[in-house]
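Colleague: Dumping the structure here so I can ask a few things about it.
The values are calculated or read from the model by the stated rules, or taken from the named source; none is laboratory data. From a predicted model like this one, the values you see are computed outputs, not experimental measurements. Positions of Cβ are backbone-derived with ideal geometry, glycine not excepted, and every protein chain shown enters the neighbour counts.
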Amino acid sequence: MKLHTGSYLTFYMPGRKSSLELSLDAPTPLVEILAQVGIPLSELALAAINGKLVEAETAMVQDDDQVRIFSAIDGG
Amino acid sequence: MYGTSAKILRVDLTNGNIETQTLREDFYRLYPGGKALAGYILLNELPPRTDPFAQENVMVFANGLLTGAPVSTATRYVVSARSPLTGGYGESEAAGFWGPELKMAGWEAIVVKGKASKPVYLWIKGDRVKICSAEHLWGKLTAEVQESIRSELGDEKIRVLQIGPAGENLVRFAGMTNDLRHFNGRNGLGAVMGSKNLRAIAVRGNQRYQNLAYDAKTLMDTGSKIAKSVKENPLSWDLQERGTPGLVEPLNTGGILPTRNFRQGAFEKVEDMKWEAYEKELLTARRSCYACAVRCKREVAVDGRESPYGGPEYETVGAFGPNCGIGDLQAIAKAGELCNAYMMDTISCGGTISFAMECFEHGLLTLEDTRGIDLRFGNAEAMLQVIELIAHREGIGALLAEGSKRAAEKIGGEAHFFAMQVKGQELAMHEPRGKYNVGMGYAISEIGADHLVVAHDSAFAKPDAIQLKAAAPLGITKALPPRSLGEEKMELFYILEKWNSLEKVVGFCFFGPAPRSFIPIEDVLLSINAATGWNMTMEEALQIGERATNMARIFNLREGFSRKDDTLPERLFQLLENGALQGQSMPRDEFEQSLTILYGKKGWDPQTGIPRPEKLRQLGLDWAIAMLPPCE
């Protein structure tokens, strides 16, 4: 799967890079992937799998999915 | 007195008088600069119903207590007057270098009255002040004028705050810039400056803030600690890494990217506008304000050439991009450049153009009105042409230079529905149907639709999130959904409004203090107390913020504003057309009920929103009670 982060979630990614590819042998809960990568669930505001918004707490990810996640977005 | 020179420069452009006023410490402690000082002066020295373009309008340029301190993001100053866009309390803030330079020159504020008989600029070098001719500068673009002033005064380090041709032409949303990349954009205060024939204020100083401070060592140590923390906190790290243009994609994913004049919440061309595209197509460097380690500013190349102006921030990208149906970053960058050169607020300019586009698509404006310009959503060429016309008040620009509210009144019919404004000021690029406190801020702000009244709802949506945890010293501990109103949400609003207002008083940028950003709240108080020796408590700090918003409220009440003006454009009570929040709307009844609750929390009459006398006494504003409208 390809994981892409935006807003300040990129801070938590390995090397603070905004993209990461992972091989999944089986459908995996998104929360497990986030824990593995080191992204705190408390900072996640939005998650989209293949362009569709999902509930992060219950979403499952397949090996060929594109996942985009964002933190809270504030103004300025 | 510590932390300030306590000196105000008073200039009368009609007779050329230049005077110095010295503030007392007991006064300054109640009104320590910025929004508070400006509000006090306007309320006491500007008679109600003064025409904003008359020479009797009073302009205040006010540093904050901490402006220029060696603390990242303590860089802001406020400009205030009666706004020609809203007719109400006018206020616009900026950072950059001009405010700190004014402080280094020994001044807390400048009050400008009257009107020069010919174009002039002020030259302030330390305590020497001169009124210089600007006839040779009038009509020129901002980059050329900055260079000319620095050259004729013989110093490249002079900081220049200036209007552009749009301010000279009294465009109602004309602003001012310092260093060509920091903008007092909102509320049309550039037009007030233009009406006084004042083209620029050039400043040079050499006093260091540390010499003003009560405890310079603690202040500098705090600043040093804060600077080192920038890269270690995700909020500040992201501001440096992506800056605000990084907002486009998440807002779009969340369905709250204002698109086509707020009809929609998601834009089909967002792929061309994400941060990765901005970085590749436009970005050349990251820059900073005075003594700030955050570096949130973007430098860009437009059409392959380095721009002398700062690159477009999120608001500019949003206003000239999705909200006009345009997905071309080069066109957006050019639009931002034009606004910076002529010096107009990109939010109001973009919002007025998107209004015009929708009017055009509905046949309320025709090709005859636009003299052949096909002003449809998505037509970047048309957008760029219209920006120039607005700056010069030519063709359709003469109508649109009045702002969307007045333009809608002139066009008539259903045009008013397409004017996305509150009190005459166009909405910023944040969709309230996804963040209800943002909507309440748009409605209640003294200056019209303003997205910087409170930290946005999303920061407080999840327990254990860093922004919510950082807000604990303010008494904020409970997570609340972004799309909620009611008692607890209004309590959150009330506290955050006071805190944001304090920042506008003491001179902190919103990208500094928690909960919006990375500076711990305790360090804000520590900085204030290290600068002044006042031992200020959180309660006193919040009261300073509340005092400032109450003065602005009274100003507006005197100008005839009332509860009916604390509202939102009708479109926001209707359904978003697309995106993740398709079908969502602001709930009208709940909104009105929450406004009543909020008024009550603020110590105002819950029905009318008029501050109660006992509240004003509590804030030390006894002198303003007589200014309240009579009870009905």
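Colleague: Somewhere in region B:321-330, is a residue more than 27 Å from A:Leu44 (Cα to Cα), in a helix (DSSP H, G or I), of a type in the set (S, T, N, Q) and more than 21 Å from the chain's Cα centre (by Cα)?
Modeller: Within region B:321-330 (the criterion being more than 27 Å from A:Leu44 (Cα to Cα), in a helix (DSSP H, G or I), of a type in the set (S, T, N, Q) and more than 21 Å from the chain's Cα centre (by Cα)), the answer is yes, since at least one residue qualifies.
Colleague: Determine the pairs where a residue that is within 17 Å of B:Tyr290 (Cβ to Cβ), located within region B:61-88, has a partner that is of a type in the set (Ser, Thr, Tyr) and assigned to a loop (DSSP other than H, G, I, E, B) with Cβ atoms under 6 Å apart, the partner being 6 or more residues away or on another chain.
Modeller: B:Thr75/B:Tyr290; B:Tyr77/B:Thr67
Colleague: Keeping to region A:36-76, report how many residues are among the β-branched types (Val, Ile, Thr) and more than 29 Å from B:Leu452 (Cα to Cα).
Modeller: If we filter region A:36-76 for residues that are among the β-branched types (Val, Ile, Thr), which is where we start, we get A:37, A:39, A:49, A:54, A:58, A:61, A:67, A:69, A:73.
Okay, now just the ones that are also more than 29 Å from B:Leu452 (Cα to Cα), so A:37, A:49, A:54, A:58, A:61, A:67.
Total satisfying the criteria: 6.
Colleague: For B:Glu431, only one of the following conditions fails: (1) away from every other protein chain (no Cβ under 14 Å); (2) surrounded by 24 or more Cβ atoms within 10 Å (Cβ to Cβ); (3) among the charged types (D, E, K, R); (4) under 30 Å from B:Ile373 (Cβ atoms). What is its number?
Modeller: Status for B:Glu431: all satisfied but (1).
Colleague: Looking at B:Val120, is it more than 21 Å from B:Gly154 (Cβ to Cβ) and in the same structural domain as B:Ala174 (by TED's automatic domain parsing)?
Modeller: no
Colleague: Could you check, for region B:509-517, whether at least one of its residues is more than 23 Å from B:Leu65 (Cβ to Cβ), modelled with pLDDT of 95 or more and not charged (D, E, K, R)?
Modeller: Taking region B:509-517 and keeping what is more than 23 Å from B:Leu65 (Cβ to Cβ), we get none.
Among the residues of region B:509-517, not one is more than 23 Å from B:Leu65 (Cβ to Cβ), modelled with pLDDT of 95 or more and not charged (D, E, K, R), which makes the answer no.
Colleague: Before we move on, is B:Gly413 assigned to a loop (DSSP other than H, G, I, E, B), more than 9 Å from chain A (Cβ to nearest Cβ) and among the small types (Gly, Ala, Ser)?
Modeller: Here the answer is yes, as B:Gly413 does meet what is asked.
Colleague: So, of the residues in region A:49-76 that are of a type outside the set (Val, Ile, Thr) and buried (at least 23 other Cβ atoms within 10 Å of the Cβ), which turns out to be farthest from the other protein chains (Cβ to nearest Cβ)?
Modeller: Step one: filter region A:49-76 for residues of a type outside the set (Val, Ile, Thr), giving A:50-53, A:55-57, A:59-60, A:62-66, A:68, A:70-72, A:74-76.
Those still in the list that are buried (at least 23 other Cβ atoms within 10 Å of the Cβ) too: A:70-72, A:74-75.
Numbers: A:Phe70: 4, A:Ser71: 7, A:Ala72: 4, A:Asp74: 4, A:Gly75: 5 Å.
Ranking the qualifying residues of region A:49-76, first place goes to A:Ser71.
Colleague: Further question: Tell me which residues, restricted to region A:17-27, are within 14 Å of another protein chain (Cβ to nearest Cβ) and either in contact with a helix residue (DSSP H, G or I) (Cβ under 6 Å, 6 or more places away or on another chain) or part of a strand (DSSP E or B) (or both).
Modeller: A:Ser18, A:Ser19
Colleague: Could you list, ordered by first residue, the pairs with Cβ atoms under 7 Å in which the first is in region B:273-285 and closer than 19 Å to B:Arg181 by Cβ and the second is acidic (Asp, Glu) and surrounded by fewer than 20 Cβ atoms within 10 Å (Cβ to Cβ), at least 6 apart or interchain?
Modeller: Filtered contacts from region B:273-285: B:Thr284/B:Glu299; B:Thr284/B:Glu306; B:Ala285/B:Glu299.
Colleague: Moving to a separate point now. Being without any contact (Cβ under 8 Å) to a residue 40 or more places away in the chain, among the aliphatic types (A, V, I, L, M) and under 12 Å from A:His4 (Cα atoms) is the filter here, so list the residues in region A:47-76 that pass it.
Modeller: Correct list: A:Ala47, A:Ala48, A:Ile49.
Colleague: Evaluate the following for B:Asp450: is it of a type outside the set (A, V, I, L, M, F, W, C), assigned to a loop (DSSP other than H, G, I, E, B) and surrounded by fewer than 19 Cβ atoms within 10 Å (Cβ to Cβ)? Let's see the steps before the verdict.
Modeller: Details: of a type outside the set (A, V, I, L, M, F, W, C): yes; assigned to a loop (DSSP other than H, G, I, E, B): yes; surrounded by fewer than 19 Cβ atoms within 10 Å (Cβ to Cβ): no.
No: the conditions fail for B:Asp450.
Colleague: When the residues of region A:1-16 are narrowed to those that are more than 8 Å from chain B (Cβ to nearest Cβ) and touching a strand residue (DSSP E or B) at 6+ places or on another chain (Cβ under 8 Å), which ends up nearest to A:Phe70 (Cα to Cα)?
Modeller: A:Thr5
Colleague: Please list, ordered by residue number, the helices (runs of 4 or more DSSP H) wholly in region B:188-289 having 1 or more residues that are assigned by TED's automatic domain parsing to the domain that holds B:Thr316 and buried (at least 24 other Cβ atoms within 10 Å of the Cβ). Before you say what the answer is, go through the steps one by one.
Modeller: Working: elements: B:189-195, B:216-229, B:234-241, B:248-253, B:275-281.
Qualifying helices (runs of 4 or more DSSP H): B:248-253, B:275-281.
Colleague: Still on this structure: For region B:292-308, which positions are at positive phi and within 21 Å of the chain's Cα centre (by Cα)?
Modeller: B:Arg295
Colleague: Does at least one position in region B:345-353 carry a residue that is among the aliphatic types (A, V, I, L, M), buried (at least 23 other Cβ atoms within 10 Å of the Cβ), assigned to a helix (DSSP H, G or I) and more than 23 Å from the chain's Cα centre (by Cα)?
Modeller: no
Colleague: Would you say B:Ala471 is under 21 Å from B:Ser236 (Cα atoms), in contact (Cβ under 8 Å) with a residue 24 or more places away in the chain, assigned by TED's automatic domain parsing to the domain that holds B:Val454 and out of contact with any strand residue (DSSP E or B) (no Cβ under 9 Å at 6 or more places or on another chain)?
Modeller: For B:Ala471, the condition - under 21 Å from B:Ser236 (Cα atoms), in contact (Cβ under 8 Å) with a residue 24 or more places away in the chain, assigned by TED's automatic domain parsing to the domain that holds B:Val454 and out of contact with any strand residue (DSSP E or B) (no Cβ under 9 Å at 6 or more places or on another chain) - is met.
Colleague: Looking at (1) more than 25 Å from the chain's Cα centre (by Cα); (2) farther than 19 Å from B:Ile110 by Cα; (3) outside any loop (DSSP other than H, G, I, E, B), which one does B:Val145 not meet, given that it meets all the others?
Modeller: (1)
Colleague: Okay, next question. With the structure loaded, tell me whether B:Ile476 is away from chain A (no Cβ under 14 Å), in a loop (DSSP other than H, G, I, E, B) and at pLDDT 95 or above or whether it fails that test. Reasoning before the result, please.
Modeller: Working: away from chain A (no Cβ under 14 Å): yes; in a loop (DSSP other than H, G, I, E, B): yes; at pLDDT 95 or above: yes.
So B:Ile476 fits the description; yes.
Colleague: For residues in region B:233-263 being more than 9 Å from every other protein chain (Cβ to nearest Cβ) and charged (D, E, K, R), which is farthest from B:Glu315 (Cα to Cα)?
Modeller: B:Arg263
Colleague: Also, quick follow-up: Find the residue count for region A:28-48, including only residues that are assigned to a loop (DSSP other than H, G, I, E, B) and either more than 14 Å from chain B (Cβ to nearest Cβ) or small (Gly, Ala, Ser) (or both).
Modeller: 1
Colleague: Counting only residues that are assigned to a loop (DSSP other than H, G, I, E, B), within 22 Å of B:Thr218 (Cβ to Cβ) and touching a residue at least 40 places away in the same chain (Cβ under 8 Å), which one in region B:511-557 is nearest to the other protein chains (Cβ to nearest Cβ)?
Modeller: At the first step, the residues of region B:511-557 found to be assigned to a loop (DSSP other than H, G, I, E, B) are B:511-512, B:514-518, B:520, B:533-537.
From what's left, within 22 Å of B:Thr218 (Cβ to Cβ): B:512, B:514, B:517-518, B:520, B:533-537.
Still in the list and also touching a residue at least 40 places away in the same chain (Cβ under 8 Å): B:512, B:514, B:517-518, B:520, B:533-534.
Values: B:Gly512: 11, B:Ala514: 12, B:Ser517: 9, B:Phe518: 10, B:Pro520: 17, B:Gly533: 32, B:Trp534: 29 Å.
If we take residues in region B:511-557 being assigned to a loop (DSSP other than H, G, I, E, B), within 22 Å of B:Thr218 (Cβ to Cβ) and touching a residue at least 40 places away in the same chain (Cβ under 8 Å), then B:Ser517 is nearest to the other protein chains (Cβ to nearest Cβ).
Colleague: Pairs please, first residue from region B:317-344 and over 19 Å from B:Gly175 (Cα atoms), second anywhere and among the aromatic types (Phe, Trp, Tyr), Cβ atoms under 6 Å, 6+ apart in sequence or on different chains.
Modeller: B:Pro322/B:Phe267; B:Gly325/B:Phe377
Colleague: Return a yes/no flag: does region B:594-603 have any residue that is in contact (Cβ under 8 Å) with a residue 60 or more places away in the chain and over 17 Å from B:Gly441 (Cβ atoms).
Modeller: No.
Colleague: Continuing with the same structure: Give the residue, chosen from B:Gln210, B:Gln162, that is under 26 Å from B:Arg295 (Cα atoms) and modelled with pLDDT of 95 or more.
Modeller: Numbers: B:Gln210 fails: modelled with pLDDT of 95 or more.
That would be B:Gln162, the only listed residue that is under 26 Å from B:Arg295 (Cα atoms) and modelled with pLDDT of 95 or more.
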